[in-house]
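Asker: Got a structure for you, questions after.
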């Protein structure tokens with residue numbers, strides 16, 4: 001295929017892959033906007049948060065902690081904990097995005113969220129190539145979508161009180177299940193998945209906030225390290 | 001602490017969040033990775049996604065667990081979009097039952 005055709009195919013594939021996530025984000029964007037207004041933030045302050053932080057879970061938690069006087073260190077510290085998993089995600093993405101030009105590479109990294117990262121990793125691990133158009137195609141619309149709905153949230157107030165009622169909260173779970181299934185199909189390792197689920201469940205009981213995500217992920221990585229065999233060299 | 005402006009706190013949140021996004025890449029992106037390291041890193045996506053959804057799937061209620069199983073079984077044979085839509089429909093129906 002000529003380069004322009006490849007680029008277009010990559011972008012189209014990216015849009016198809018990320019589309020359910022865009023829909024799934026709608027209620028959460030609206031809620032973040034509404035919560036921001038209720039917490040006393042100006043519209044521009046909330047938009048500064050959505051655009052510069054761009055991390056849904058940590059935004060929810062921060063807005064929940066948003067009281068006067070502002071517990072600045074507690075909010076920033078919690079944000080760091082919630083987003084620690086990005087360290088693992090960036091490390092896992094490194095070998096696949098190293099070859100990309102630096103602008104799209106850093107756009108992807110700075111706007112890396114669970115969803116676009118997962119799509120890019122799935123693409124990289126199944127096709128073994130990651131093109132710029134695909135990386136930007138899962139990242140830019142996902143980023144702009146969050147800005148749009150959190151802005152509308154500040155304007156429209158509380159349209160959706162309970163995303164669970166309409167099953168919106170399950171969209172992410174369902175998408176992630178299909179992604180995990182996809183990773184398993186190329187990877188064939190079950191032990192990291194089982195270990196991650198078990199450790200996450202235990203950690204959720206014992207640790208505050210969203211530490212279970214980071215600790216559970218580490219459990220999965222540890223299982224991968226423990227079960228590593230040299231024969232993996234053949235396809236690794 | 002009384003006088004910290006909101007935008008300064010938001011900026012602090014942004015700095016720590018962007019740091020988490022860059023550090024893993026910078027630290028491991030520099031090295032030629034051994035096949036052992038690569039094999040371990042390839043387990044990261046499934047591990048992270050599993051950790052995120054494990055409480056929702058296994059410790060929320062019967063509706064979520066059954067909907068998750070339905071999603072997985074449908075994804076086995078049918079297109080991903082069908083599995084996602086069915087999973088959401090099942091969870092909404094089940095939540096109205098339980």
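Asker: If you fit an axis through the alpha-carbon atoms of helix A:85-97 and take the longest principal axis of the Cα set of chain A, what angle between them do you get, 0 to 90°, nearest 10?
Answerer: 40
Asker: Report, in cubic angstrom per residue, the convex hull volume of the C-alpha atoms of the protein assembly as shown. Walk me through the numbers before you get to the answer.
Answerer: Working: hull volume 46.9 nm³, N = 334.
Spread over its residues, the Cα hull of the protein assembly as shown gives 141 Å³ apiece.
Asker: Hey, another quick one. Can you bin the stretch A:86-126 into rounded, prolate or oblate? Criterion: square roots of the alpha carbon gyration tensor eigenvalues sorted a ≥ b ≥ c, rounded for a/c under 1.5, prolate for a/b above b/c, oblate for the rest.
Answerer: Values: a/c = 1.43, a/b = 1.14, b/c = 1.26.
Judged from the Cα gyration tensor, the stretch A:86-126 comes out rounded (a/c under 1.5).
Asker: So for the pair residue B:62, residue A:190, with labels modelled 7 Å out along Cα→Cβ, what separation do we get in nm?
Answerer: 2.6
Asker: How many times 2.2 N^0.38 Å is the alpha carbon radius of gyration of the stretch B:1-42?
Answerer: Details: Rg = 16.8 Å, N = 42, 2.2 N^0.38 = 9.1 Å.
For the stretch B:1-42, the normalised Cα radius of gyration is 1.85.
Asker: Next question, about the same structure. How would you classify the stretch B:36-98 from its alpha-carbon gyration tensor, with a ≥ b ≥ c the square roots of the eigenvalues: rounded for a/c under 1.5, else prolate if a/b is greater than b/c, otherwise oblate?
Answerer: Working: a/c = 3.80, a/b = 1.72, b/c = 2.21.
It is oblate, given that a/c is not under 1.5 and a/b is not larger than b/c.
Asker: Continuing with the same structure: Can you put A:96, A:86 in order of Cβ neighbours within 10 angstrom, beginning with the fewest? Let's see the in-between values first.
Answerer: On the way: A:96 19, A:86 27.
By the 10 Å Cβ count, ascending: A:96, A:86.
Asker: Under a no-solvent Debye model with one identical scatterer per Cα of the stretch A:156-217, what's log10 I(q)/I(0) at q = 0.28 Å⁻¹?
Answerer: Log10 of I(q)/I(0), two decimals: -1.08.
Asker: Per residue of the protein assembly as shown, what 222 nm ellipticity follows from adding -39500 (n - 2.57) for every DSSP H run with n ≥ 4, rounded to the nearest 500?
Answerer: Working: 16 runs with 259 residues, N = 334.
Rounded to the nearest 500, it is -26000 deg cm²/dmol.
Asker: Can you give the angle from 0 to 90° between the axis of helix A:132-156 and the longest principal axis of chain A, with both taken from C-alpha atoms, to the nearest 10?
Answerer: It works out to around 20 degrees.
Asker: Here's a follow-up. Kindly put B:69, B:52 in sequence by how many other C-beta atoms sit within 10 Å of each C-beta, fewest to most. List each step's numbers first, then the result.
Answerer: Numbers: B:69 14, B:52 25.
Ranking B:69, B:52 by Cβ neighbours within 10 Å, fewest first, gives B:69, B:52.
Asker: Moving on to the next point. Is the stretch A:52-182 rounded, prolate or oblate when judged by the Cα gyration tensor, a ≥ b ≥ c being the square roots of its eigenvalues, rounded requiring a/c under 1.5 and prolate requiring a/b larger than b/c? Write out the running numbers ahead of the final one.
Answerer: Numbers: a/c = 1.92, a/b = 1.50, b/c = 1.28.
In terms of gyration-tensor shape, prolate.
Asker: To continue, here is another question. So, how do all the Cα-to-Cα distances of the stretch A:189-236 break down into 5 Å bins, in percent, from 0 on up?
Answerer: 5, 25, 23, 18, 12, 8, 5, 3, 0
Asker: Roughly how many Å is it from the Cα centre of the stretch A:91-105 to that of the stretch B:48-98, as a whole number?
Answerer: Taking the Cα centre of each part, the stretch A:91-105 and the stretch B:48-98 sit 32 Å apart.
Asker: Then there's this: Give me A:185, A:229, A:37 sorted ascending by neighbouring Cβ count inside 10 Å, so fewest comes first.
Answerer: Values: A:185 12, A:229 8, A:37 19.
The fewest-first ordering by Cβ neighbours comes to A:229, A:185, A:37.
Asker: Another question, if that's okay. Relative contact order (percent) for chain B, with alpha-carbon contacts under 8 angstrom and 6 or more residues of separation?
Answerer: Values: 35 pairs, mean separation 17.7, N = 98.
Relative contact order, chain B: 18 percent.
Asker: State, to one decimal in nm, how far the label point of residue B:19 lies from the label point of residue B:35, with both points 7 Å from Cα in the Cβ direction.
Answerer: My value for the distance between the label points is 3.8 nm.
Asker: What angle, in degrees between 0 and 90 and rounded to the nearest 10, separates the Cα long axis of helix A:211-226 from the longest principal axis of the Cα atoms of chain A?
Answerer: Compared with the principal axis, the helix lies near 10 degrees.
Asker: GNM, chain A, Cα, under 10 Å: largest mean-square fluctuation among A:147, A:155, A:205?
Answerer: Per the Cα network of chain A with a 10 Å cutoff, A:205 tops the list.
Asker: Per residue of A:51-59, count partner chain C-beta atoms within 10 Å of its C-beta, then hand back the mean as an integer. Don't skip to the answer; put the middle values down first.
Answerer: Numbers: counts 2, 8, 9, 4, 6, 0, 1, 4, 3.
Neighbouring Cβ atoms belonging to other protein chains average 4 per residue here.
Throughout, read-outs are computed from the coordinates displayed, never taken from laboratory work. Please read these numbers as outputs of a predicted model, since none were measured by experiment. FYI the Cβ positions are ideal-geometry reconstructions off the backbone, even for glycines, and counts take in every protein chain you see.
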